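The next block holds one structure in the form of structure tokens; read it before the comments.
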């Protein structure tokens, strides 16, 4: 599996975290951790299926994946290629006409959220593109056309920034007080914009941090402490909740991506 990452242009820097070109020269099955934001993807070659138990479901060639709390297993056929926009946690609310909480756990065809003609035009341009830069530019233009004029929720944006800055290592009640909101009020506004609760996002970012530390060379015995977990059982419990298996077995499988 080959992944090439590109930064967004200035016009979408507050909406998109990064663009990626993902190509699979050979058939591959990957276990994907939940992304902290909504993901928009256009496939320009090949096909992919989502594996759930004994079932394999074809993923739309142009798809929007909402936030979720558990892994996905994806099988990509040989020769597959797609261009991906990974949105900032509060970025999807600037593009969509529906509350982001309604996307939780969903994988939808892109034409459920954008005009079918616009999706078809973008898919054709991406398929005809000769370079990574052209594919990214086509997806960027699609997202720019969807960008709404509505103002962002500044308090939710501040909450997201605080959670990301601490990599999930903060108390949500204290964050709500700092922002001048009750915890319930913050959670309601946060779900509408981000699709998850502040606590869910904090837990996911902390888990991502622990995995990054481990993949950077730290043993599993110490990586969780470096990421802010107070003990191994805390880490293993949250890891199992997301992946369905203990850390050692997950990494030994070699399909994480």
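Laid out as a table, the results:
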item: Binned Cα-Cα distances of the range 1-73, short to long, each 5 Å bin given as a whole percent; result: 3, 12, 20, 29, 20, 9, 4, 1, 0
item: Cα-based shape type of the range 125-178, given that a ≥ b ≥ c are square roots of the gyration tensor eigenvalues and the cut on a/c is 1.5; result: oblate
item: Mean shadow area of the chain over all directions, Cα convex hull, nm²; result: 13.8 nm²
item: The range 2-146: Cα Rg divided by the 2.2 N^0.38 Å rule of thumb; result: 0.97
item: Compactness of the range 157-218 as Cα Rg over 2.2 N^0.38 Å, two decimals; result: 1.18
item: Mean Cα-pair separation over length for the chain, i.e. relative contact order, pairs under 8 Å, 6 or more apart, %; result: 19 percent
item: Normalised contact order of the range 107-257, rounded percent, pairs of Cα under 8 Å and 6 or more residues apart; result: 13 percent
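Bear in mind these aren't lab numbers, they're just calculated from the coordinates by the rules spelled out. The structure presented is a predicted model; accordingly, all values stated were derived computationally and were not measured.
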